[in-house]
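Engineer: Handing you a structure now.
The values are calculated or read from the model by the stated rules, or taken from the named source; none is laboratory data. Computed from a predicted model, the values in this text were never measured in an experiment. Here the Cβ positions follow ideal geometry from the backbone for every residue, glycine too, while neighbour counts run over all protein chains shown. Quick note on the areas: whole protein, heavy atoms, side chains included, nothing else; ligands and nucleic acids left out. Shrake-Rupley method; radii C 1.70, N 1.55, O 1.52, S 1.80 Å.
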Amino acid sequence: MDEHRIETERLTLRPPQPQDADEVQRLAGDFRIADVTRSIPHPYPPELAQQWIARCTQDWLDGKAASFVIIETGSGQLVGSITLKDIGRGEAEVGYWIGVPYWSRGYASEACNALVDFAFRQLRLRRLYASHLARNPQSGRVLFKAGFRHLGLGHSECGSQGKVEPVELYERVSGE
Ligand SMILES: CC(C)(COP(=O)(O)OP(=O)(O)OC[C@H]1O[C@@H](n2cnc3c(N)ncnc32)[C@H](O)[C@@H]1OP(=O)(O)O)[C@@H](O)C(=O)NCCC(=O)NCCS
């Protein structure tokens, strides 16, 4: 797979690079991010951002994941991250976070819409799936606005505390 990069009206989605580590750590280190995501611990260990960036590079080369940092094109500011995880059998899981100072600007929705397009057109995937904690409905709005269909309620280990909690499940199939 070649280098991946997506441009939207206000955002640039590009592969994470080593120089992004400090900003990733600062933003992902906020408890409000770790609280509702599966893979982000709290407190956020100092070396984790560099490890995550290295893994993103390797997973892309292996065809296992496509991870992007989300950059405000105008300012060059890193505002979040979005990923196609567990790519295989024509499917992938979508995950994302936006740094708290940048919430409610429509960035997650703009990035997710662009990622869906990339997944279906560039990677030729056929199905995307996602989930969010039931107590985190704004993530459901992001998925709904990106054309995902609500499948129902499940239970998953999610959030930095590793508790089993109710999650809402979603999918989007190519061509729908
Ligand atoms: C969920 C998240 C990605 C949304 O990012 P965002 O850039 O603020 O989202 P958008 O601006 O595109 O808004 C999406 C919806 O959430 C709503 N929303 C945004 N911030 C909100 C807040 N603080 N409280 C309630 N609703 C909020 C918006 O109103 C919008 O809904 P609408 O279209 O009905 O108006 C962000 O809050 C986040 O990173 N949260 C922590 C990590 C996380 O939840 N990741 C997803 C795990 S499944």
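Engineer: Heads up, I need the accessible area for residue 169: 1.4 angstrom probe, whole protein in place, Å², nearest 10.
Structural biologist: It works out to around 60 Å².
Engineer: Under the 0.36 nm per residue contour assumption, what length would be gained going from the current alpha-carbon distance of residue 35 and residue 3 to full extension?
Structural biologist: Length gained between residue 35 and residue 3: 8.4 nm.
Engineer: Also, quick follow-up: Which Cα, out of 130, 33, 154, lies furthest along the positive dipole direction of the chain (beta carbon charges, K/R +1, D/E -1)?
Structural biologist: After comparing all options, I get 154.
Engineer: Related question: So, for the stretch 6-128, what is the accessible surface per residue at a probe of 1.4 Å, expressed in square angstrom?
Structural biologist: Accessible surface, normalised per residue, equals 47 Å².
Engineer: In the full protein assembly as shown, how much of residue 37 is accessible to a 1.4 Å probe, in Å² to the nearest 10?
Structural biologist: For residue 37, solvent-accessible area is about 20 Å².
Engineer: Applying the Karplus parametrisation 6.51 cos²θ - 1.76 cosθ + 1.60 with θ = phi - 60° to the phi angles of the stretch 132-149, what ³J(HN,Hα) value in whole Hz is obtained for each residue in order, glycine and proline being reported as x?
Structural biologist: Computed from phi, the couplings for the stretch 132-149 are 9, 4, 4, 7, 10, x, 5, 5, x, 5, 4, 5, 4, 6, 9, x, 6, 9 Hz.
Engineer: Right, next: Could you work out what % of the accessible surface of the stretch 6-128 is carbon and sulfur, using a 1.4 angstrom probe and leaving DNA, RNA and ligands out of the count?
Structural biologist: Exposed carbon and sulfur together represent 49 percent of the surface.
Engineer: While we're here: So which trypsin sites (Lys or Arg not before Pro) in the stretch 30-99 pass both tests, a DSSP loop state and at most 14 other Cβ atoms within 10 Å of the Cβ?
Structural biologist: 89
Engineer: Evaluate the distance, in nm, between pseudo-label points positioned 7 Å from the Cα of residue 86 and of residue 117 along their respective Cα→Cβ axes.
Structural biologist: 2.7 nm
Engineer: From the phi angles alone, apply the Karplus equation (6.51, -1.76, 1.60; θ = phi - 60°) to the stretch 111-121 and give each ³J(HN,Hα) in whole Hz, x where the residue is Gly or Pro.
Structural biologist: For the stretch 111-121, the Karplus-derived couplings read 5, 5, 4, 5, 5, 4, 4, 4, 4, 7, 7 Hz, x marking Gly and Pro.
Engineer: Follow-up question, since we're still on this one. Can you give the FRET efficiency for residue 144 and residue 77, using 1/(1 + (r/R0)^6), R0 = 22 Å, r = Cβ-Cβ distance, to the nearest 0.05? Please report the intermediate quantities before stating the final value.
Structural biologist: Details: r = 27 Å, r/R0 = 1.21.
Once rounded, the FRET efficiency stands at 0.25.
Engineer: Taking Cα pairs under 8 Å and at least six residues apart, what relative contact order does the chain come out at, in percent? Kindly include the intermediate steps, with their values, before the conclusion.
Structural biologist: Numbers: 318 pairs, mean separation 37.3, N = 176.
That works out to 21 percent.
Engineer: Check residue 35: other-chain or 5+ apart residues with amide H under 5 Å from its amide H, H built from backbone geometry?
Structural biologist: Sorted by chain and number, the residues that satisfy this are 160.
Engineer: So what does residue 165 come to for accessible area, using a 1.4 Å probe and Å² rounded to 10?
Structural biologist: Result for residue 165: roughly 20 Å² accessible.
Engineer: Another question, if that's okay. Using the Cα centre of the stretch 57-176 as the reference point, and only Cβ charges (+1 on K/R, -1 on D/E), how large is the resulting charge dipole? Debye, rounded to the nearest 20.
Structural biologist: Dipole of the stretch 57-176, to the nearest 20 debye: 240 debye.
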